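The values are calculated or read from the model by the stated rules, or taken from the named source; none is laboratory data. None of the values given here were measured: they were computed from a predicted structure. Because the Cβ atoms are built from the backbone with ideal geometry, glycine has one as well, and the counts that use them run over all protein chains shown. Accessible surface areas use protein heavy atoms only, side chains included; no ligands, DNA or RNA. Shrake-Rupley method; radii C 1.70, N 1.55, O 1.52, S 1.80 Å.
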Amino acid sequence: QVVSVARKLREEHHFRGYIHLKTIPEADDALITEAGKYADRLSINIEVPEEDSLAKLAPEKDVRAIRRTMGRLRLKLDEAREGRKPTPRGKVGPRFAPAGQSTQMIVGADSANDSTIIRTSANLYGSYNLKRVYYSAFSPIPDASRSLPLRAPPLIREHRLYQADWLMRF
């Protein structure tokens, strides 16, 4: 349904603004291809910086499935980039998420320190050619799991991670 909305925005309403779509692990390849046709950027959330934390906090999520999907996105992006180079006749291949791939991780939901978070981000940038890692400070909710912290981390931590991330990228 989300891809259908993006298609309608582009084709029926001639929307030329930025569209960012999220995908999920093990999403159908044809659906990802169609999403990339209409979206400027695609992303899949890594959720937390450490595999052990994901298994503990969200056992229904599979870090290997997340990484496989990120890898498939990278391959599609690489193929599209190669196909978009003009041929001698000036033709280029179809558009696919020209603003690339991104991810998001929650900061402060587990015991990962900032060094671990930045190392994880550096690995993600290198392995999947990400354009951006977004950091979101953990926000506690009532009646949450006892394994989650009772308080949110200071927002300055999220801010400093964005600063370190910018330095790492540029």
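What is the dipole size for the chain, taken about its Cα centre, with +1 at each Lys and Arg Cβ and -1 at each Asp and Glu Cβ, in debye to the nearest 20? Could you put the intermediate results ahead of the total?
Working: 29 positive and 21 negative charges, 173 e Å.
For this selection, approximately 820 debye.
Only protein heavy atoms count here; on that basis, with a 1.4 Å probe, Y134 has an accessible area of about 70 Å².
With an 8 Å Cα cut-off and a minimum separation of 6 or more residues, compute the relative contact order for the chain in percent. If you can, show how the numbers build up before the last one.
Working: 229 pairs, mean separation 34.4, N = 170.
Once divided by the residue count of the chain, the mean separation gives 20 percent.
Counting only heavy atoms of the protein chains, get the accessible area per residue of the chain (1.4 Å probe) and round it to a whole Å² value.
On the way: 10380 Å² over 170 residues.
Averaged over the residues of the chain, the accessible area is 61 Å².
Applying the criteria of a DSSP loop state and at most 16 other Cβ atoms within 10 Å to the trypsin sites (Lys or Arg not before Pro) of the stretch 93-170 yields R95, K131, R146, R151.
One compactness figure for the chain is 1.15, namely its Cα radius of gyration divided by 2.2 N^0.38 Å.
The GluC sites (Glu not before Pro) of the stretch 1-85 that meet both conditions, a loop assignment by DSSP and at most 15 other Cβ atoms within 10 Å of the site Cβ, are E12, E26, E60.
Other residues within the sphere of radius under 15 Å centred on the Cβ of A6, judged by their own Cβ, net out at +4 (K and R +1, D and E -1).
Please sort by residue number the chymotrypsin sites (Phe, Trp or Tyr not before Pro) in the stretch 1-52 whose DSSP state is loop and whose Cβ has at most 16 other Cβ atoms within 10 Å.
F15, Y18
In the structure shown, the pairs K56/K131; K37/K61; K56/K76; K37/K85 are assessed against 24 Å; a Cα-Cα span above that value is assigned to K56/K131; K37/K61; K56/K76. Expressed as a rounded percentage, what relative contact order does the stretch 76-170 have, with Cα pairs under 8 Å and six or more residues apart? This gives 26 percent for the stretch 76-170. Summing Cβ point charges (Lys, Arg +1; Asp, Glu -1) relative to the Cα centre of the stretch 1-73 gives a dipole of roughly 300 debye. Taking every DSSP helix (H) stretch of at least 4 residues in the chain, weighting each as -39,500 (n - 2.57) and dividing the sum by the residue count yields a mean residue ellipticity at 222 nm of -14500 deg cm²/dmol.
In the stretch 98-170, what percent of the accessible surface is made up of carbon and sulfur (1.4 Å probe, ligands and nucleic acids excluded)? Walk me through the numbers on the way to the answer.
Working: 2370 of 4250 Å².
Summing carbon and sulfur atoms, their accessible area is 56 percent of the total for the stretch 98-170.
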